[in-house]
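Working notes for the structure below.
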Amino acid sequence: MLHEFSYLAPRERNDLLQLLKKHAGQARLLAGGTDLLCEIRLGTDKPAFLLDVKHIPELQDIAWSERDGLSIGAAVTCLEIMRHPVIRKKFPLLAHAAGQIGSAQLRNRATIGGNLCTASPCADLGCSSLALGARVELASVRGTRVIPMKEFFTGVKQTQLQDDEIVQRVLYPPDAAGAAWGMEKLKRIKGHDLAVVSVAIARTAKWLRVGIGSCAPTPVVTADLAPPATVATVVAAARRVIAPIDDVRASREFRLFMVEEFIGRLMARLA
Amino acid sequence: MSTKHSVTVTVNGKRYTREVAGNRTLLRFLREDLGLTGTKEGCGAGECGACTVILNGKAVNSCLVLAPEVDGATIETVEGEARNGKLSKLQEAFHRNHGVQCGFCTPGMLMSVKALLREHPKPTVDQIKEAIEGNFCRCTGYQQIIESVLDATGQLKPKKEELRRV
Ligand SMILES: Cc1cc2nc3c(=O)[nH]c(=O)nc-3n(C[C@H](O)[C@H](O)[C@H](O)COP(=O)(O)OP(=O)(O)OC[C@H]3O[C@@H](n4cnc5c(N)ncnc54)[C@H](O)[C@@H]3O)c2cc1C
Ligand code: FES
Ligand code: FES
């Protein structure tokens with residue numbers, strides 16, 4: 001059973017922001033519900049209000065321009081990302097990463113905003129978006145601000161979001177369009193599972209970046225490396241940003257090993 | 001404290017309106033408010049797929065959807081399969097190929113496959129596996145389910161068919 005709460009479904013962005021401000025601290029945003037309803041069911045989260053974000057038009061858009069790059073509304077689902085022709089063509093890493101999340105049933109509901117705001121170290125759209133140099137647009141009644149995704153994640157399941165703020169859009173720079181890419185996600189089983197280790201690489205003529213999941217309190221990304229980098233340089237850069245732990249899924253040693261292994265494989269494929 | 005919501009849905013072609021609390025899941029709504037108990041609860045947490053229904057054309061875990069979220073929606077459940085006591089083509093194929101053992105996963109399995117077949121009327125084995133990745137079956141080992149889907153779509157190799165008739 002889920003505890004009692006009030007479900008509200010505002011139709012306008014401003015109404016959503018006002019409601020969030022009014023009930024700050026007591027309200028949670030409900031997107032696909034694939035994380036939040038699990039938390040509520042477990043009793044680890046007991047909000048008094050659930051504010052459904054799925055009726056806000058601004059959060060549903062996908063837009064691309066040569067000048068501004070790609071913009072994805074926070075309530076866009078994994079399925080929409082996987083199928084979108086521009087994303088498939090210009091940001092195939094993202095389309096691939098969205099396809100790595102859960103099962104078909106989950107991808108039909110799960111949103112990019114929910115994936116990032118849960119801020120799990122294993123978020124598949126975390127490591128991949130970081131490799132692509134994404135930024136996050138936050139909004140509240142106080143206005144909007146844009147921050148690098150690197151700064152958005154602050155700890156295990158923690159972000160820079162204030163109580164009255166939402167993620168409005170996720171922004172990908174135009175220079176990441178068409179980047180060569182690769183992603184490896186290690187799971188315990190062939191079916192749907194969270195990442196034991198995930199590594200996503202994006203490379204253009206100007207930079208190479210590696211996003212890594214499940215190896216630190218947040219998804220992390222290397223500094224920009226100058227291509228073509230050697231495997232040793234990339235591994236060294238990765239080592240500087242990860243700090244894996246032993247947990248139910250794998251040991252620290254195994255994670256360190258798999259990060260190196262995946263970087264080697266992906267670099268060979270990119271070459 | 002939580003107010004009631006009026007929810008109107010079309011389930012398997014029939015319209016229903018009910019008053020529900022905000023914390024009612026779609027799964028409980030179907031089972032307890034509409035009496036459609038074909039859809040099962042396994043984990044209640046998005047893992048097992050026993051609760052899969054088709055919501056506006058897409059397979060979803062009904063345990064992770066709130067009833068007030070689906071006001072105005074079209075929903076398909078396993079109860080929409082058989083007509084006048086006659087199994088659907090897909091159900092018949094599951095029956096023929098031993099795609100059902102205890103049957104607990106079957107209602108969800110059928111809905112995942114039904115959603116797949118709408119997009120891919122002749123799915124490959126890989127497409128079938130991907131579509132049922134979120135549907136756990138503890139009995140069949142999946143092979144018979146995959147064969148059931150191949151059979152339903154006219155793709156089961158005749159050799160296997162003969163073997164099974166022995
Ligand atoms: C069985 C199972 C398997 C899974 N497998 C994977 C996997 O392989 N990889 C993976 O990365 N994840 C996985 N997940 C986790 C989950 O499905 C994803 O994180 C998903 O993207 C969450 O999105 P959602 O829309 O469902 O979020 P919700 O559950 O609706 O929300 C999640 C959190 O984000 C907040 N939120 C939502 N939208 C916004 C917004 N716009 N602004 C601010 N806050 C917001 C909510 O308040 C809540 O705290 C899995 C989950 C389950 C149950
Ligand atoms: S009961 Fe919904 S996925 Fe298991
Ligand atoms: S037939 Fe028993 S779980 Fe699938």
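Selection of the range B:1-23 for residues being within 19 Å of A:His3 (Cβ to Cβ), open to solvent by 70 Å² or more (accessible area, probe 1.4 Å) and polar (S, T, N, Q) yields only B:Thr3.
Results for (1) within 27 Å of B:Thr140 (Cα to Cα); (2) more than 13 Å from every other protein chain (Cβ to nearest Cβ), shown as yes or no for each residue.
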position: B:Arg18; (1), (2): no, yes
position: B:Arg24; (1), (2): no, no
position: B:Leu30; (1), (2): yes, yes
position: B:Leu36; (1), (2): yes, yes
position: B:Lys40; (1), (2): yes, yes
position: B:Cys48; (1), (2): yes, no
position: B:Asn56; (1), (2): no, no
position: B:Val65; (1), (2): no, no
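Close contacts from the range A:94-118, counting a first residue that is β-branched (Val, Ile, Thr) and a second that is within 7 Å of ligand 1 (Cβ to nearest atom), with Cβ to Cβ under 6 Å and a gap of 6+ residues or different chains, come to A:Ile101/A:Cys78; A:Ile101/A:Ala110; A:Ile101/A:Asp124; A:Thr111/A:Ala31; A:Thr111/A:Gly32; A:Thr111/A:Ala75; A:Ile112/A:Leu125; A:Thr118/A:Asp35. Within the range A:76-110, the set of residues being over 17 Å from B:Cys63 (Cα atoms) and open to solvent by less than 10 Å² (accessible area, probe 1.4 Å) comprises A:Val76, A:Cys78, A:Ile81, A:Ile87, A:Phe91, A:Leu93, A:Leu94, A:Ala97, A:Ala98.
So in the range A:42-70, with the set limited to residues that are farther than 20 Å from A:Asp163 by Cβ and within 11 Å of another protein chain (Cβ to nearest Cβ), which one is most open to solvent (accessible area, probe 1.4 Å)? That would be A:Leu42. Can you pull out every residue in the range A:71-86 that is within 16 Å of ligand 1 (Cβ to nearest atom), assigned to a helix (DSSP H, G or I) and away from every other protein chain (no Cβ under 14 Å)? Of everything in the range A:71-86, just one residue is within 16 Å of ligand 1 (Cβ to nearest atom), assigned to a helix (DSSP H, G or I) and away from every other protein chain (no Cβ under 14 Å), namely A:Ile81. Of the strands (runs of 3 or more DSSP E) lying entirely inside the range A:136-196, those carrying at least 2 residues that are touching a Gly at 6+ places or on another chain (Cβ under 9 Å) are A:166-172, A:180-186. Just give me the residues in the range B:67-78 being surrounded by fewer than 19 Cβ atoms within 10 Å (Cβ to Cβ), more than 11 Å from chain A (Cβ to nearest Cβ) and not small (Gly, Ala, Ser), in sequence order. Correct list: B:Thr74 only. Exactly one residue among B:Thr140, B:Thr106 is open to solvent by less than 20 Å² (accessible area, probe 1.4 Å), among the hydroxyl-bearing types (Ser, Thr, Tyr), closer than 22 Å to B:Asn56 by Cα and within 16 Å of ligand 3 (Cβ to nearest atom), and that residue is B:Thr106. Only one of the numbered conditions (1) among the hydrophobic types (A, V, I, L, M, F, W, C); (2) within 15 Å of A:Asp164 (Cβ to Cβ); (3) more than 12 Å from ligand 1 (Cβ to nearest atom) is violated by A:Leu20, and that is (3).
Quick check on the range A:20-41: of everything there that is surrounded by fewer than 18 Cβ atoms within 10 Å (Cβ to Cβ) and at pLDDT 95 or above, which residue is farthest from the other protein chains (Cβ to nearest Cβ)? For the range A:20-41, the residue satisfying everything is A:Lys21.
For the range B:24-78, filtered to residues that are assigned to a loop (DSSP other than H, G, I, E, B) and free of Cβ contacts under 8 Å to residues at least 12 places away in the same chain, the residue that is farthest from B:Ile132 (Cα to Cα) is B:Gly35. Considering the range B:1-16, and only residues there that are farther than 17 Å from B:Ile75 by Cα and part of a strand (DSSP E or B), the residue that is nearest to the other protein chains (Cβ to nearest Cβ) turns out to be B:His5. Here the range A:1-29 is the region considered, the condition is being without any contact (Cβ under 8 Å) to a residue 60 or more places away in the chain and in contact with an Asp or Glu (Cβ under 8 Å, 6 or more places away or on another chain), and the residue that is farthest from B:Val20 (Cα to Cα) is A:Arg28. For the range B:91-99, the condition of being within 10 Å of chain A (Cβ to nearest Cβ), of a type in the set (Gly, Ala, Ser) and buried (at least 23 other Cβ atoms within 10 Å of the Cβ) holds for none of the residues.
Filtered by the rule that a residue be under 14 Å from the mean Cα position of the chain (by Cα), more than 6 Å from ligand 2 (Cβ to nearest atom) and open to solvent by less than 10 Å² (accessible area, probe 1.4 Å), the range B:24-58 gives B:Leu26, B:Leu27, B:Leu30, B:Thr39, B:Thr52, B:Val53, B:Ile54.
Conditions (1) within 19 Å of the chain's Cα centre (by Cα); (2) surrounded by 22 or more Cβ atoms within 10 Å (Cβ to Cβ), marked per residue:
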| residue | (1), (2) |
| --- | --- |
| A:Leu161 | yes, no |
| A:Lys185 | yes, yes |
| A:Gly191 | no, no |
| A:Ala223 | yes, no |
| A:Ser251 | no, no |
| A:Glu261 | no, no |
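The residue list A:Asp193, A:Asp246 contains one member that is free of Cβ contacts under 8 Å to residues at least 40 places away in the same chain, touching a Lys or Arg at 6+ places or on another chain (Cβ under 6 Å) and either within 16 Å of ligand 2 (Cβ to nearest atom) or within 14 Å of chain B (Cβ to nearest Cβ) (or both), which is A:Asp193. Residues that are assigned to a helix (DSSP H, G or I) and at pLDDT below 95 were ranked within the range B:149-166; the one that is least open to solvent (accessible area, probe 1.4 Å) is B:Glu161.
The values are calculated or read from the model by the stated rules, or taken from the named source; none is laboratory data. All of these numbers come straight from a predicted model, not from anything done at the bench. So basically every Cβ, Gly included, is an ideal-geometry build from the backbone, and we count neighbours across all protein chains shown. Side chains are part of the model used for accessible areas, which takes the heavy atoms of the whole protein and leaves out ligands, DNA and RNA. Shrake-Rupley method; radii C 1.70, N 1.55, O 1.52, S 1.80 Å.
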